[in-house]
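Below is one structure, written out as structure tokens; comments come after it.
Bear in mind that the values in this text are calculations on the coordinates, not laboratory data. The structure presented is a predicted model; accordingly, all values stated were derived computationally and were not measured. Glycine also receives a Cβ, built like all others from the backbone with ideal geometry; neighbour counts cover every protein chain displayed.
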Amino acid sequence: MNKQQNIVKYKATVIALLLLCGSFNSAKAQETDYKAYTLFVYNFMKYVEWPEAQSKGDFILAVMGDSPINKELQALANAKKIKGRNIILRKCNTVEDTYGCHLVFVPNSKSAMVKALREQTKDKPVLIVGEREGMAKKGAGLSFVTEEGDELKFDINKKEIEQHQLKISSQLVSLGTLIN
Amino acid sequence: MIKRPFIVIILTVLVSIPWNMVSQTDSTTAKKDTIDFYDMSLEQLLKMRAHGVPNELEKLINSLISVASKKPLNTRESPSIISLITADDIQKSGARDLIDVLRTIPGFDFGVDVEGVVGVGIRGNWAHEGKMLLLIDGLEMNEILFATTQFGNHYPIDLIKRIEVIRGPGSAIYGGFAEYGVINIITKQGEDLNGISTGGIYGQGQNDYLNRNAYFAIGNKVNDFEYSFMGHMGDGQRSDQDYTDFYDSTYNMARNSNLKPNYFSASLKYKGLSYRWIGDFYNTSMKDGYGDVIPGLAIQETYNSTFHELKYVIDVNKKLSITPRFTFKSQTPWSSKAYSGKEAYNRTATRALGNLTASYNLNRYINFVFGAEYYKDKAIDRVDSSYFSNGKQEESYNNYAFFMQGLIKTRFVNFIVGARYDKHNVYGDAFVPRVGLTKKYGAFHFKALYSNSFRAPAIENVNGSSDSLGIKPELTKVAELEIGYKLGRRSILSVNLFDITTTDPIVYKTDSSNADIYVNEGGSGTSGIEAEYKLKLKKVNLGINYAFYTAAGKNKIVDYEVAEDSKALLAFANHRINFSAIWNPTKELSVNLNASIYGSRWAYTSVDSTNTSVLEKLPSTTLLNLFVNWEPVEGLNIGLGCYDILNQKFNFIQPYNGYHPPLPGPSREIIVKLQYNLHFKAKNRKVAK
């Protein structure tokens, strides 16, 4: 067998293996556990204090766009209350839709909306929670972080939270990472 | 020869099976009561994972390892080509020693050196002398006279917690013994043991016993204090077959090829301060010498080493940690009396080493590791008429090194850059930079790595240099590319390409008076591909890997070459397949069928009428093994198995033309293993398993 044939054979093997990988485009990665995210969101609702005027009536929990977390948040809304208040889940497509909400969850795919949300809700008692890492630096009050080893943690932009007239409990602060 | 289409077919069939359909759902949703789940405490929140409860495969590939980066990273993003072996893998396979474990890793193989010693090869390259670093709990096991490690019933296999293997260069972190690879063995310590562990193995070959070892370990962690002590002793044999030299002299290796481990270890740890001692007293017997059968009784050889380490991890603040570390080792390897024209050998070498390493996390995404190291080597000859090349019975050298590494993690790619600079007082300096890009994107991951590495001449390399200019470090450049893809939650396929080029390798020869000499000569290296598929279901685990190398256009060393086939190097098969299937019919019972399939190998097996050694192509070999492990009560493991069911009697081939015929390995062997773990605290039971 000559050198040329060897090279062809070698390349064919590599290509075959690459194709093999490519043929499994339906394969799933380890799926995000939105139940865990929901549990965090629930605790954000419990350990952040809204001004007196916003502490009555239903607690409006908004999600930007479609996200698998909607189903889990709806289950939470059905099962639990916040200090005796019902939790109402609202799906929002535009920044304007979030008017009157207490907490806005921004899924990964809508991360680009964080800046606009921040502008829209400036000085209003709204907690913006970003699913994507780094969103706390871009205007969210809280954003999730997946650490090495897959532990779910969160960053806190305390300055941003306070600008929104909200108070975060020291217990919650001790669990997260302050970025300012 | 194993045909490549055959391999592709096997892989295709395996990954085509709709394993997702037979796998079971891991979902916190299904398992937990909704109300209770929401009422979890804040402290419990800290234990939540972003991707739910991991299954066995996910635990494995998400394991944090630091062998390739100092900074812990998961295996898919660690900047080296990595293999990870767990204590569970070892227990279920029934492995008799490290050879059984390491030969399951893609590209790993073994060959014979001299005096019955078996060493390691990787990716077709003979790595026995100074090219493969063996670490046990961070301590360098390589003896520093020749930089070798001896395999075969040597180290305490049942006390291993995990083995992290770099199947590529590690010099930028570890220096001059890690040119081609690093084997990092992590043994069970106090917290892992959490009590007492004891056990043993008996193995019976066709003609004689082959293994009879026992071990004992005790350890625990009480508040911030952790301690452990362990001992591993026994008597094994390399083979029970006949060895025949080039001149038709023969002897039976039963009772003439003993491998006797006497390994002890003690550790004390209080918070960041730790002290570790290892005593490794490995005794062998042999009659193969440098190839010709030694008449009379077998020659006893000893490889005695003691190691000390004192380390203090100082966490200055959340961002900065500084670790001063002092180690001292004293080694008397290859020690034997005079035989058949060879002089007695009894030299002791010591190395006193100080290392200061700092790790600084600028933020969550950027980490720097940097430090300095200094060591002093001293060698003493204890044979009256023997001297070093300086004409004295004592020789000493020193070396200092500086190293740094930067790791930047972004959403799109992780970027790692590092380098190490070594300066030796005799053979000069070596500078080895490396750069790597890694990232996982959901199911897909990739690694693109380029590294320089070097082999530091060991004491006897310097002493035995025949060149008037002296010996110098050999330098290697390695390029690697890995892609991996998770095929569902319970299986993963990874494929990597590698290209290794070594310039001025240090080559061992014997001169006209049969004395060892070392020269920098020619060039060497290989390129190739490795592929690995793993599937872990609740009751069935499958693993298959394939390794291919070619030396075409790389090798310029006559003593390594195969004249009839430029792609092949002596001793190591171009094609290798490893296969393992584990069936767990119940929680207490596991059945493991595994196989190592070797393509054809080349060996010098005889000499012609002009006393020139003659090459022979040895046919494919399949080592098929079966092991059943039963845990009738918690903590007690009873194992029964058969190694080399097909009785292929694997031969260890010499990877250079050193006039040593292939050394027979063990015949078919029936083994019985027992292990008992008694835990002090029930809550930690699963940790030590």
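The table below gives the values:
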item: Shielding score for A:74-87, defined as the mean number of other chain Cβ atoms within 10 Å; result: 1
item: Proximal aspartates and glutamates relative to A:Lys158, as straight alpha-carbon distance under 15 Å, when same-chain residues fewer than 8 apart are discounted; result: A:Glu49, A:Asp123
item: Overall Cα dimensions of chain B, principal axis frame, Å, largest first; result: 85, 53, 49
item: Tail beyond 40 Å, pair distance distribution of the protein assembly as shown (Cα, percent); result: 42 percent
item: Rg followed by Dmax, in Å, when region B:270-394 is reduced to its Cα trace; result: 21.4, 67
item: Neighbour-count ranking [beta-carbon atoms within 10 angstrom, fewest first] of A:Arg132, B:Arg96, B:Arg255; result: B:Arg255, A:Arg132, B:Arg96
item: Structure-based [θ]222 nm, chain B - -39500 (n - 2.57) summed over DSSP H runs of at least 4, per residue, nearest 500; result: -2000 deg cm²/dmol
item: Between helix B:4-16 and chain B: long-axis angle, C-alpha atoms, 0 to 90°, nearest 10; result: 20 degrees
item: Residue order, fewest to most surrounding Cβ atoms within 10 angstrom, among B:Thr350, B:Thr284, B:Thr75; result: B:Thr350, B:Thr75, B:Thr284
item: Region B:411-445 and region A:37-65: distance between their alpha carbon centers, rounded to Å; result: 46 Å
item: Prolate/oblate/rounded label for region A:34-178 (Cα gyration tensor, a/c 1.5); result: rounded
item: Flagged links, alpha-carbon separation over 24 Å, of B:Lys269/B:Lys536; A:Lys167/B:Lys319; B:Lys131/B:Lys486; B:Lys556/B:Lys617; B:Lys269/B:Lys681; A:Lys137/B:Lys271; result: B:Lys269/B:Lys536; A:Lys167/B:Lys319; B:Lys131/B:Lys486; A:Lys137/B:Lys271
item: Share antiparallel - DSSP beta bridges, region A:34-178, percent rounded to 5; result: 35 percent
item: Listed residue (A:Ser67, B:Thr198, B:Ile471) projecting farthest to the positive dipole end of the protein assembly as shown, Cβ model; result: A:Ser67
item: Scaled radius of gyration (Cα, divided by 2.2 N^0.38 Å) that region B:153-298 gives; result: 1.33
item: Residue-by-residue Karplus 3J(HN,Hα) for region B:650-655, coefficients 6.51, -1.76, 1.60, Hz, glycine and proline x; result: 3, 9, 8, 9, 6, x
item: Placed amide H near A:Ala62: partners under 5 Å, 5+ positions off or other chain; result: A:Arg90, A:His102, A:Leu103, A:Val104, A:Phe105
item: Stokes-Einstein D for region B:518-566, Kirkwood Rh over Cα pairs, 10 °C, 1.306 mPa s (µm²/s); result: 115 µm²/s
item: Shielding of B:50-57 by partner chains, average beta-carbon count, 10 Å; result: 5
item: Cβ charges +1 (Lys, Arg) and -1 (Asp, Glu), total dipole of region B:416-532, debye; result: 940 debye
item: Proxy reagent accessibility, fewest Cβ within 10 Å first, across A:Tyr37, B:Tyr227; result: B:Tyr227, A:Tyr37
item: Length released on extending from B:Lys556 to B:Asp315, taking residue separation times 0.36 nm less the Cα-Cα span; result: 81.8 nm
